[in-house]
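These notes are about the structure you will find just below.
The values are calculated or read from the model by the stated rules, or taken from the named source; none is laboratory data. On a predicted model such as this, the values are computed, not experimentally measured, just so you know. Cβ atoms come from the backbone with ideal geometry, glycine included; neighbour counts cover every protein chain shown. These accessible areas exclude ligands, DNA and RNA; they are computed on the full protein's heavy atoms, side chains included. Shrake-Rupley method; radii C 1.70, N 1.55, O 1.52, S 1.80 Å.
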Amino acid sequence: MIEVRGLTKRYGAEKAVDGISFDVEHGEILGFLGPNGAGKTTTMKVITCYLPPTEGSVLVDGLDVTRDALAVRRRIGYLPEHTPLYGEMTVFDYLTFVADVRGIPGPEIPRRIGVMAEVCGLGEVLAKRIETLSKGYRQRVGIAQAIIHDPPILILDEPTSGLDPNQIAEIRDLIRSLGKEKTVILSTHILSEVEASCDRVLIINRGRLVADGAPSELQAHAVGGQRIRFGVQAANGAVEEVLARWGRARILDRETDGDGSVLFDLLSETSDDLRPELFHLAVDQGWVLTELHHRQIDLEDVFRRLTTEAAPA
Amino acid sequence: MKTTWTLAKRELNAAFDSPTAYVVLIAFLLIVGWFFSNTLFLSNVASLRTVFDLAPLIFMFFVPAVTMATFAEERRAGTLELLLTMPVRDRHVILGKLMAVTMLLWSAIGLTVIYALTLAVLGDPDSGAVAGGYFGLMLLALSYGAIGIFASSLTRNQIVAFILGFAIIFTLFMMDKVTEFLPGSLAGILEYLSIDYHYRNLLRGVIDSRDVLYYLSVTLFAGLLTAYNLARRPE
């Protein structure tokens, strides 16, 4: 659906985006994650045909953003950061204007606006001027203008920034329901947002792609494997040697518990589940198993690690 | 074409939904009316000549005031990005704005027809000069408008846009006023570049294609500069 190949965008001497490549499949909800200034917005601006790429190419449905800009724009609904809207217009007039520019035939427009009012919950505010609306409603108007022409692709730049928790929940629900039939790309620097709404996450830092995968995969992969908490009561006390001989996981930390059990933090380099093996190992050695579970590494750890390292591994 | 009209319509609605358009129209009518009645009642001359003579100066302030918001405000608010990611070409956006500005200015000019009609009732004005004057004024408004829009595309700040627009128009207006200090060949070029020189030609009631062409070229050139500037996608 969207193919980004070696995309580089330079502002003067500064590279805002540096050789990014990725694909977005039909029906995916993709989260762009990264600190401010990482290149998320710039990448979106290239996909929406606002900025031309310096190098590389972006194809939307096989159409090039530089050569077939108008055709690409017709397939995309876009909501830029900070939700720019014409404040002096009423919601109804504004949506009529957007529908008109988008080429929706005149008699069809009121019906489309009716649908938008229902989907985005704008029924009560259609006659109000946009500048008098709350931020939550403005955001809904922004989403309504992005989907009024029923585009297959929806691109939202920080759709929940500046909203209160209730409004955030509402917008997330809206995005999730839209994501059932559309391809959605959204950017954010809030981690819980990605976990809540995205099928897949791209982490961008300093213009480079540092991670790509499902939120759960990233938690496992990006730190280089899994962390397992393993605790046993062993009569012979040679647990460490046995684990070293077993060799599937590295011992990160070892502590002794008051009840005579030894607790290990194990780090494995693979993503296979090692718990069954550890269990059998304990049984074979005649150890009493007191603890065996995955240590949850949250996305926050992953994000911080990936975006603070100068040269990510 | 349809897109251009949709965009122009939005601009016009925005102007007429806010006090902007009314302030512009009324202020223009008042200023022109004052000069008109001065000539009529104090000098007892049934002529629009004073009005036409002063119009390029009045427009010098007026037109940048009308155009200053066109691109500067859209850049400041970020709506330009939304507009330029819809299926429209940059030139549609520029043309739409120019169309809206020109229609507003031409309606201001149109309202002064009441003064012309008053004259026709009270006296016997030179209808050729009046027609030429109106024609010149309309072309003047068009090219001033294009320059003002270009100035507005250069900045996010409306005040800066106003001053830039005024400065460019003022420079073009003054071109033929400095020719005394220059050698003949250069003076000729400057004269040809002057907005006022061509306007005075039209005021004589003689419509020369070179004068018309001049205004259309200025409009086109300002439009191209705006397009060039927009293509850079200024923040």
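General remarks:
- Selection status of A:Leu122, under 20 Å from A:Pro151 (Cβ atoms), within 14 Å of chain B (Cβ to nearest Cβ) and buried (at least 19 other Cβ atoms within 10 Å of the Cβ): no
- Number of residues in region B:202-224 that are of a type outside the set (S, T, N, Q), in a helix (DSSP H, G or I) and open to solvent by 60 Å² or more (accessible area, probe 1.4 Å) equals 6.
- Applying the condition of being within 26 Å of B:Ser18 (Cβ to Cβ) and open to solvent by 40 Å² or more (accessible area, probe 1.4 Å) to region A:97-118 and asking which residue is nearest to the other protein chains (Cβ to nearest Cβ) yields A:Gly106.
- Selection count where residues are hydroxyl-bearing (Ser, Thr, Tyr) and farther than 17 Å from A:Asp212 by Cβ, scope region A:4-29: 2
- Among the residues of region B:119-152, those that are part of a helix (DSSP H, G or I) and farther than 22 Å from B:Val24 by Cβ comprise B:Leu119, B:Ala120, B:Val121, B:Leu122, B:Ser127, B:Gly128, B:Ala129, B:Val130, B:Ala131, B:Gly132.
- The condition (being closer than 25 Å to B:Glu235 by Cα and among the aliphatic types (A, V, I, L, M)) is satisfied by just one residue among A:Val60, A:Val115: A:Val60.
- Qualifying positions in region A:42-64 - among the hydrophobic types (A, V, I, L, M, F, W, C) and either within 11 Å of chain B (Cβ to nearest Cβ) or open to solvent by less than 20 Å² (accessible area, probe 1.4 Å) (or both): A:Met44, A:Val46, A:Ile47, A:Cys49, A:Leu51, A:Val58, A:Val60
- Filtering B:Leu117, B:Leu190, B:Leu164, B:Leu122 for residues that are more than 20 Å from B:Phe52 (Cα to Cα), surrounded by fewer than 20 Cβ atoms within 10 Å (Cβ to Cβ) and among the aliphatic types (A, V, I, L, M) leaves a single hit, B:Leu190.
- Of all residues making up region B:46-89, the number that are under 14 Å from B:Ile169 (Cα atoms), aliphatic (A, V, I, L, M) and open to solvent by less than 10 Å² (accessible area, probe 1.4 Å): 3
- Here the condition is being in the same structural domain as A:Gly179 (by TED's automatic domain parsing) and more than 25 Å from B:Trp5 (Cα to Cα); of A:Arg111, A:Arg102, A:Arg140, it holds for A:Arg140 alone.
- Subset of region B:5-20 [closer than 24 Å to A:Val101 by Cα and either outside any helix (DSSP H, G or I) or in contact with a Ser or Thr (Cβ under 7 Å, 6 or more places away or on another chain) (or both)]: B:Ser18
- Selection within region B:21-45 - of a type in the set (S, T, N, Q) and in a helix (DSSP H, G or I): B:Ser37, B:Asn38, B:Thr39
- Every pair of residues 6+ apart whose Cβ atoms lie under 7 Å, when the first sits in region B:170-196 and is in a loop (DSSP other than H, G, I, E, B) and at pLDDT 80 or above while the second is charged (D, E, K, R) and surrounded by 13 or more Cβ atoms within 10 Å (Cβ to Cβ): B:Ser194/B:Asp176
- Residue pairs whose Cβ atoms lie under 7 Å apart, separated by 6 or more positions or on different chains, with the first residue in region A:157-184 and open to solvent by 50 Å² or more (accessible area, probe 1.4 Å) and the second in a helix (DSSP H, G or I), are A:Gly162/A:Lys135; A:Glu170/A:Gly136; A:Arg176/A:Ser197.
- Residue that is surrounded by the most Cβ atoms within 10 Å (Cβ to Cβ), among those in region A:11-24 that are modelled with pLDDT under 90 and charged (D, E, K, R): A:Lys15
- Elements of type helices (runs of 4 or more DSSP H) in region A:233-313, at least 2 residues being at pLDDT 80 or above: A:239-246, A:275-285
- Residue check for A:Ser192: touching a Phe, Trp or Tyr at 6+ places or on another chain (Cβ under 9 Å) and either free of Cβ contacts under 8 Å to residues at least 40 places away in the same chain or more than 22 Å from A:Gly103 (Cβ to Cβ) (or both): no
- Index of the failed condition, A:Asp93 passing every other in (1) open to solvent by 20 Å² or more (accessible area, probe 1.4 Å); (2) within 9 Å of chain B (Cβ to nearest Cβ); (3) farther than 30 Å from B:Pro19 by Cα: (3)
- Leading residue by the ranking (farthest from the chain's Cα centre (by Cα)) among those in region A:65-88 that are surrounded by fewer than 19 Cβ atoms within 10 Å (Cβ to Cβ), touching a residue at least 12 places away in the same chain (Cβ under 8 Å) and more than 7 Å from chain B (Cβ to nearest Cβ): A:Gly87
- Residue in region B:75-83 that is among the small types (Gly, Ala, Ser), at negative phi and within 14 Å of chain A (Cβ to nearest Cβ) present: yes
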